[in-house]
1. How high is the relative contact order of segment 54-169, in percent, counting Cα pairs under 8 Å that sit 6 or more residues apart?
2. Return the FRET efficiency for the residue pair residue 192, residue 273: r is the Cβ-Cβ distance, R0 is 35 Å, and the value is rounded to the nearest 0.05.
3. I'd like the FRET efficiency for residue 90 and residue 204, computed as 1/(1 + (r/R0)^6) with the beta carbon distance as r and R0 of 41 Å, rounded to 0.05.
4. Could you tell me the distance between the Cα centroids of segment 85-153 and segment 48-76, to the nearest Å?
5. Based on alpha-carbon positions alone, could you give the equivalent ellipsoid semi-axes of segment 29-69 from the gyration tensor, as √(5λ), descending, whole Å?
6. Angle between the Cα long axis of helix 25-38 and the longest principal axis of the chain, 0 to 90 degrees, nearest 10?
7. Please give the FRET efficiency for residue 97 paired with residue 144, using the beta carbon to beta carbon distance and R0 = 25 Å, rounded to the nearest 0.05.
8. Could you list 269, 250 in order of exposure, starting from the residue whose Cβ has the fewest other Cβ atoms within 10 Å?
Ligand SMILES: NC(=O)c1ccc[n+]([C@@H]2O[C@H](COP(=O)([O-])OP(=O)(O)OC[C@H]3O[C@@H](n4cnc5c(N)ncnc54)[C@H](OP(=O)(O)O)[C@@H]3O)[C@@H](O)[C@H]2O)c1
């Protein structure tokens, strides 16, 4: 699997397996097991997905050496503080039954981000986390964090898909040394993405599916991609993207699909911030 080198030298597989909205413990365990069997070596979970234990069981069942895997989890909003990270990071490790995490992210740009970041820097220095980063941070907040702390975030995990391409934001993150990582590369199927005529036409020409065209489009931009599916045939489809390339014409056509806004919601919307703050998950 192709990797991307982060600003601290750690290498991350460019394609990861997402586990959001897989909640039934048996289904989670099976999906993670199948994904690893299919060839995924990078798994993305979060405290708020409430599935870390089952993800851990899937990892253990797959029996692949720990050092071959790249595991990410994320600190939920209620734990975004110095003490919150210290306490809840250990709980995540225990649930996943792992001795260290490859990538720990602050899931949302709310609460005591600076305090949380200090605790993450310390855990990284102590060898408990290989890479630290953020998620859903607007570029100004990401750069603020990078400029006023010792560690520059290794990653900002944000929504990136053909309808929300984030071109300027990605360039600004890269300039700061922060790697972009795409969540919802398929926009979770919104806006009829799998039936999009432009993507279908490119797929037909390359003998690939719409999903494969999207993953390939991200990989070619050196953007780390997280793809989620509970179906083994789709897991295999989504990873089978390293034997074709897009032409300049294809990329120009995909560039035209950009609507320049989220397919979900804005992280700057006051009602969203209040909703996230109210989600007390005790994780
Ligand atoms: N940091 C954050 O705030 C954040 C937010 C959202 C997501 N994420 C991470 O990013 C990962 C990916 O995002 P996502 O899960 O939201 O959405 P996504 O990967 O864009 O889309 C997943 C949806 O697409 C379907 N799908 C997958 N492959 C397909 C294919 N080849 N053909 C047709 N349909 C296909 C899946 O259905 P089936 O499962 O039925 O196949 C599922 O409904 C998450 O799982 C999570 O790890 C992070």
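1. Rounded, it is 22 percent for segment 54-169.
2. On the way: r = 30 Å, r/R0 = 0.84.
Efficiency at R0 = 35 Å is approximately 0.75.
3. 0.25
4. Measuring centre to centre over Cα atoms gives 17 Å.
5. Equivalent ellipsoid semi-axes, largest first: 16, 10, 9 Å.
6. Helix 25-38 sits roughly 60 degrees off the main axis of the chain.
7. In this case the efficiency is close to 0.10.
8. In increasing order of surrounding Cβ atoms, one gets 269, 250.
Every read-out reported here was derived from the displayed coordinates using simple, explicitly stated rules and does not represent laboratory data. Computed from a predicted structure; not experimentally measured. Here the Cβ is made from the backbone with ideal geometry for all residues, glycine too, and neighbour counts use every protein chain on show.
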